[in-house]
Amino acid sequence: MPTKLLQALPDLVADMEGALLPLGRGDLVAQLKAATIESWSYDNFADATTIVLLPSSKAAQRLSLYDELGVSLDTDVEGRLCAIEVLDGKRVTSLLGR
């Protein structure tokens, strides 16, 4: 059963909202709040978790919030949020694995 991103990772969504709004990216905040997690993977070597929101979409643009949150957001050519990469991924895998 698909899980809503906001339900699984409310603190991460709130942190991303706080970083995106000052950048004028309220469009991505709205998408984050409505997003469904289609799949996710964890890279142990990099300690990074990738959360896929739109599996058939190819990333066209990456918005980096690495300095603030250790997160990057990928959007497709239509501006739809398709994936999120989280550094220090272990902190979210335990929440996603529930």
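The values are calculated or read from the model by the stated rules, or taken from the named source; none is laboratory data. These figures come from a predicted structure and were not determined experimentally. Cβ atoms come from the backbone with ideal geometry, glycine included; neighbour counts cover every protein chain shown. The area values use the complete protein model at the heavy-atom level, side chains included, leaving out ligands, DNA and RNA. Shrake-Rupley method; radii C 1.70, N 1.55, O 1.52, S 1.80 Å.
Things worth noting here:
- Pairs with Cβ under 6 Å, 6+ apart, first in the stretch 74-98 and in contact (Cβ under 8 Å) with a residue 40 or more places away in the chain, second part of a strand (DSSP E or B) and among the small types (Gly, Ala, Ser): Leu87/Ala48; Gly89/Ala48
- Test: residue in the stretch 71-91 that is aliphatic (A, V, I, L, M), assigned to a helix (DSSP H, G or I) and either more than 13 Å from the chain's Cα centre (by Cα) or within 20 Å of Ala14 (Cα to Cα) (or both): no
- Just so you know, in the stretch 36-59 the residues that are of a type in the set (Ser, Thr, Tyr) and open to solvent by 50 Å² or more (accessible area, probe 1.4 Å) include one that is farthest from Arg80 (Cα to Cα), and it is Tyr42.
- Considering residues of the stretch 81-98 that are farther than 18 Å from Thr3 by Cα and charged (D, E, K, R) only, the residue least open to solvent (accessible area, probe 1.4 Å): Asp88
- Residue list for the stretch 60-73, filter: touching a residue at least 24 places away in the same chain (Cβ under 8 Å), aliphatic (A, V, I, L, M) and open to solvent by 10 Å² or more (accessible area, probe 1.4 Å): Leu63, Leu69
- Answer residue from the stretch 4-14, given it is touching a residue at least 24 places away in the same chain (Cβ under 8 Å) and open to solvent by 50 Å² or more (accessible area, probe 1.4 Å) and is farthest from Val71 (Cα to Cα) among those: Lys4
- Single residue of the stretch 15-54 satisfying the filter (in contact (Cβ under 8 Å) with a residue 40 or more places away in the chain and among the β-branched types (Val, Ile, Thr)) that is farthest from Thr3 (Cα to Cα): Thr49
- Extreme residue, farthest from the chain's Cα centre (by Cα), among residues of the stretch 37-70 that are closer than 20 Å to Gly26 by Cβ and in a strand (DSSP E or B): Gln61
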